[in-house]
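One structure is given here, and the rest of the page talks about it.
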Amino acid sequence: MRNDLTIYDTYADKWWSDDIRWVRTLKNLVPGRLKHFDTLIDWQGKDVLDLGCAGGFMAEALAKRGAQVTGIDPASDAITAARQHAQTEGLRIAYDVGVGEALPYDAAGFDAVVCVDVLEHVTDLQKVMFEVARVLRPGGLFLFDTINRNPLARLATITVAEDILRLLPRGTHDPAMFIKPAELRTAMGTAGLVPSRFTGLGPRGVNRRLDLTFGPLPLTAILYMGHAHKPETT
């Protein structure tokens, strides 16, 4: 089975335990993403939607930067784990169960939408982009990362990361759902968003547990991240 999203509920009770290597990998990706995202926005006081938040790694990082965070994910058990952990950390984060194709929020409710490790899993990319544009305020930012679709990306993420190194459970991704940068730019533009430059994301070293650490890279052939903005009204 490919694009198996049940893993986020299956491992929800251990999301914050650091016992599972692939979950630690997901956690380690957050600082790498923020090295880029932090250069694009001052999070303090911003209303931010974490679209596809899973157990809350990115949501909590943004809340600690002063953002007013709402997280949404279809995995209900993961949302329960996220709520419980935020409470133990004393963080006020609103969590909802739902999907990106039908966000349960009013138009123009957020200054930013963050969507990481998600777009390559959605059933309808264009619907998600329309929903992102709808809930963003004029001038708001959409910040994302996803996986490129090409033989190298398939080798790295499926053969190496899932099948050999087990950095992710087998079946996590369907390579047919990976997204070429040009396709994402088109979907953003169709939804009325204006994309900016994309950059790569990948391993930059290892930590004391010999887990990979991540950061921005110049090449976008495998993982890439970037942003788009919703134009100001005229």
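The values are calculated or read from the model by the stated rules, or taken from the named source; none is laboratory data. No experiment lies behind these values; they were computed from the predicted model shown. Every residue, glycine among them, receives a Cβ derived from its backbone with ideal geometry; neighbour counts consider all protein chains shown.
Going through the stretch 132-144 one residue at a time, which ones are of a type outside the set (A, V, I, L, M) and crowded, with 22+ Cβ neighbours inside 10 Å?
Taking the stretch 132-144 as the starting set, the residues that turn out to be of a type outside the set (A, V, I, L, M) are 134, 137-140, 142, 144.
GLY140, PHE142, PHE144 - these are the residues of the stretch 132-144 that are of a type outside the set (A, V, I, L, M) and crowded, with 22+ Cβ neighbours inside 10 Å.
For the stretch 86-105, which positions are more than 22 Å from THR123 (Cα to Cα) and among the acidic types (Asp, Glu)? Before you say what the answer is, go through the steps one by one.
The initial filter retains those residues of the stretch 86-105 that are more than 22 Å from THR123 (Cα to Cα), namely 86-94.
Once the filter is applied, which keeps residues that are more than 22 Å from THR123 (Cα to Cα) and among the acidic types (Asp, Glu), the stretch 86-105 yields only GLU89.
Quick one: count up the residues across the stretch 1-54 that are part of a loop (DSSP other than H, G, I, E, B) and either among the polar types (S, T, N, Q) or closer than 26 Å to GLY66 by Cβ (or both).
Taking the stretch 1-54 as the starting set, the residues that turn out to be part of a loop (DSSP other than H, G, I, E, B) are 1-6, 11, 15-20, 38-46, 52-54.
Those left that are additionally either among the polar types (S, T, N, Q) or closer than 26 Å to GLY66 by Cβ (or both): 3, 6, 15-18, 38-46, 52-54.
Qualifying residue count, the stretch 1-54: 18.
Residue by residue, here is whether (1) modelled with pLDDT of 95 or more; (2) out of contact with any strand residue (DSSP E or B) (no Cβ under 7 Å at 6 or more places or on another chain) holds:
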residue	(1), (2)
GLY171	no, yes
ILE179	yes, no
ARG185	yes, no
THR199	yes, no
GLY205	no, no
THR220	yes, no
LEU223	yes, no
HIS227	yes, no
THR233	no, no
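Can you list residue pairs whose Cβ atoms sit under 6 Å apart, with the first residue in the stretch 182-201 being closer than 16 Å to ASP145 by Cα and in contact (Cβ under 8 Å) with a residue 24 or more places away in the chain and the second being charged (D, E, K, R) and surrounded by fewer than 19 Cβ atoms within 10 Å (Cβ to Cβ)? Count only pairs 6 or more apart in sequence or on different chains.
Qualifying pairs under 6 Å: PRO195/ARG185.
Residue by residue, here is whether (1) in contact with a Leu (Cβ under 8 Å, 6 or more places away or on another chain); (2) at negative phi; (3) among the charged types (D, E, K, R) holds:
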site: ALA182; (1), (2), (3): no, yes, no
site: GLY192; (1), (2), (3): no, no, no
site: PRO195; (1), (2), (3): yes, yes, no
site: THR199; (1), (2), (3): yes, yes, no
site: ASN207; (1), (2), (3): no, yes, no
site: ASP211; (1), (2), (3): no, yes, yes
site: PHE214; (1), (2), (3): yes, yes, no
site: MET225; (1), (2), (3): yes, yes, no
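So which residues in the stretch 120-135 are assigned to a loop (DSSP other than H, G, I, E, B) and more than 13 Å from the chain's Cα centre (by Cα)? Please lay out each step first, then the result.
Kept after step one, since they are assigned to a loop (DSSP other than H, G, I, E, B), are these residues of the stretch 120-135: 122-124.
Listed by number, the residues that qualify are THR123, ASP124.
Looking at the stretch 73-117, which of its residues are of a type in the set (Gly, Ala, Ser), assigned to a loop (DSSP other than H, G, I, E, B) and farther than 23 Å from LEU34 by Cβ?
Of the residues in the stretch 73-117, the ones of a type in the set (Gly, Ala, Ser) are 75-76, 78, 81-82, 86, 90, 94, 98, 100, 102, 107-109, 112.
Within this subset, residues satisfying the condition of being assigned to a loop (DSSP other than H, G, I, E, B) are 75, 90, 98, 107-109.
GLY98, ALA107, ALA108, listed by residue number.
Can you tell me which residue among ARG92, ARG137 is in contact with an Asp or Glu (Cβ under 8 Å, 6 or more places away or on another chain) and more than 22 Å from LEU5 (Cβ to Cβ)?
Values: ARG92 fails: in contact with an Asp or Glu (Cβ under 8 Å, 6 or more places away or on another chain).
Exactly one residue qualifies, and that residue is ARG137.
Failed condition for GLY90, given (1) more than 22 Å from GLY45 (Cα to Cα); (2) surrounded by fewer than 19 Cβ atoms within 10 Å (Cβ to Cβ), with all others met?
Checking GLY90 against (1) more than 22 Å from GLY45 (Cα to Cα); (2) surrounded by fewer than 19 Cβ atoms within 10 Å (Cβ to Cβ), the one that fails is (1).
Taking into account only those residues within the stretch 55-72 that are among the charged types (D, E, K, R) and part of a helix (DSSP H, G or I), which is nearest to GLU131 (Cα to Cα)?
Here is the first cut: in the stretch 55-72, the ones among the charged types (D, E, K, R) are 60, 64-65.
Now narrow it down to the ones that are part of a helix (DSSP H, G or I): 60, 64.
Values: GLU60: 23, LYS64: 26 Å.
Among them, the one singled out is GLU60.
I want to confirm something. Restricting to the stretch 136-195 and keeping residues that are among the hydroxyl-bearing types (Ser, Thr, Tyr) and not in a loop (DSSP other than H, G, I, E, B), which single residue is farthest from ASP106 (Cα to Cα)? It would help to see each step written out before you state the result.
Step one: filter the stretch 136-195 for residues among the hydroxyl-bearing types (Ser, Thr, Tyr), giving 146, 157, 159, 172, 186, 190.
Still in the running and not in a loop (DSSP other than H, G, I, E, B): 146, 157, 159, 186, 190.
On the way: THR146: 26, THR157: 36, THR159: 41, THR186: 25, THR190: 20 Å.
Checking each candidate, the answer is THR159.
Return yes or no: is LEU165 crowded, with 19+ Cβ neighbours inside 10 Å and either closer than 20 Å to LEU29 by Cα or modelled with pLDDT of 95 or more (or both)? I'd like the intermediate steps shown before the answer.
Details: crowded, with 19+ Cβ neighbours inside 10 Å: no; either closer than 20 Å to LEU29 by Cα or modelled with pLDDT of 95 or more (or both): yes.
The answer is no for LEU165.
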